[in-house]
Amino acid sequence: MAATEPEPPTPTRRPTTVRSRAKDHSPWNWLLFVPIVVPLIPVLFNGDSPRIFGFPRFYWLQLAYILLGVATTTLVYQMTKKRGDH
């Protein structure tokens, strides 16, 4: 008789559910679309004036978009973080 190789052990998997992945359904999370959508509006940065410290609108508006993203992310975090209830 020919020697057969032993079968490799089957990997054990932890049971996962869809609920364990997404528990936070806060409406505050929708605000995170603001810093994504606002920079995509060309009317906002399609121009040269006003100039701030000699920089055209396009350049200083890029910095304003960063501040908008930081402010929005901070607001959503503060409104959705766990308060130590459990």
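The values are calculated or read from the model by the stated rules, or taken from the named source; none is laboratory data. Only a predicted model underlies this, so the values are computations on that prediction, with no experimental measurement involved. All Cβ positions, glycine included, derive from the backbone under ideal geometry; neighbour counts span all protein chains shown. The area values use the complete protein model at the heavy-atom level, side chains included, leaving out ligands, DNA and RNA. Shrake-Rupley method; radii C 1.70, N 1.55, O 1.52, S 1.80 Å.
Summary of computed values
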read-out	value
Output for the stretch 24-48, where each listed residue is at pLDDT 90 or above, assigned to a helix (DSSP H, G or I) and closer than 13 Å to Leu68 by Cβ	Leu31, Leu32, Phe33, Val34, Pro35, Ile36, Val37, Val38, Pro39, Leu40
Candidate set: the stretch 49-73, residues that are open to solvent by 80 Å² or more (accessible area, probe 1.4 Å) and assigned to a loop (DSSP other than H, G, I, E, B); chosen: the one nearest to Leu31 (Cα to Cα)	Arg51
